[in-house]
Amino acid sequence: SKKEFKFNKAGFRIARPNKLSDVAKEHIDSYNDKDNYFFTIWIPLIGFNKKYSLKIYPKTHMLDHTKNIEKYNKKNSRLFKSDYLRRFNEKRFSLKKGNAIILNQNLIHGGAINNGSKTRISIEIRIFNKKIFKKKELFRKNI
């Protein structure tokens with residue numbers, strides 16, 4: 001939400017093994033219909049192989065998802081109708097220490113339950129285009 005945005009900060013995510021409540025459903029990070037004002041860097045600290053890593057839907061960043069939004073979650077991410085997600089192949093990568101996944105704000109990702117035995121810990125860093133990003137204007141009005 002708007003008040004959660006902190007400048008010059010990184011966010012941590014923790015996903016315990018087989019704990020669905022720790023995982024965000026498949027979504028995009030775009031907060032409105034404007035494109036190219038930020039991207040996300042997802043960096044795993046614990047949990048690098050396919051059992052742990054983030055799930056993405058390759059090439060979905062090039063599509064207009066507007067008609068397939070089911071609802072917005074509490075954090076204002078866009079969630080999709082389940083039949084829409086079935087159109088795409090999901091992928092989980094095995095990474096090495098120091099590797100990261102860079103996400104376009106329109107790329108479908110999430111829903112990656114931790115299937116490993118250790119708690120997955122990752123950092124998310126969002127890089128905003130300062131010339132375009134205006135917090136009050138870019139968020140939906142009702143949050």
Exercise for the section: Would you check if Arg140 is in a loop (DSSP other than H, G, I, E, B), more than 24 Å from Ser21 (Cα to Cα) and modelled with pLDDT under 85? Expected result: yes
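I need the full set of residues from region 50-62 which are open to solvent by 70 Å² or more (accessible area, probe 1.4 Å) and either hydrophobic (A, V, I, L, M, F, W, C) or touching a residue at least 40 places away in the same chain (Cβ under 8 Å) (or both), in order please. Don't jump to the end; show me each part of the working.
Of the residues in region 50-62, the ones open to solvent by 70 Å² or more (accessible area, probe 1.4 Å) are 50-51, 59, 61-62.
Listed by number, the residues that qualify are Lys50, Lys51, His61, Met62.
The values are calculated or read from the model by the stated rules, or taken from the named source; none is laboratory data. This is a predicted model, so every value here is computed, not measured. Positions of Cβ are backbone-derived with ideal geometry, glycine not excepted, and every protein chain shown enters the neighbour counts. Ligands, DNA and RNA are stripped out before the accessible areas are found, and what is left, the full protein with its side chains, is counted by its heavy atoms. Shrake-Rupley method; radii C 1.70, N 1.55, O 1.52, S 1.80 Å.
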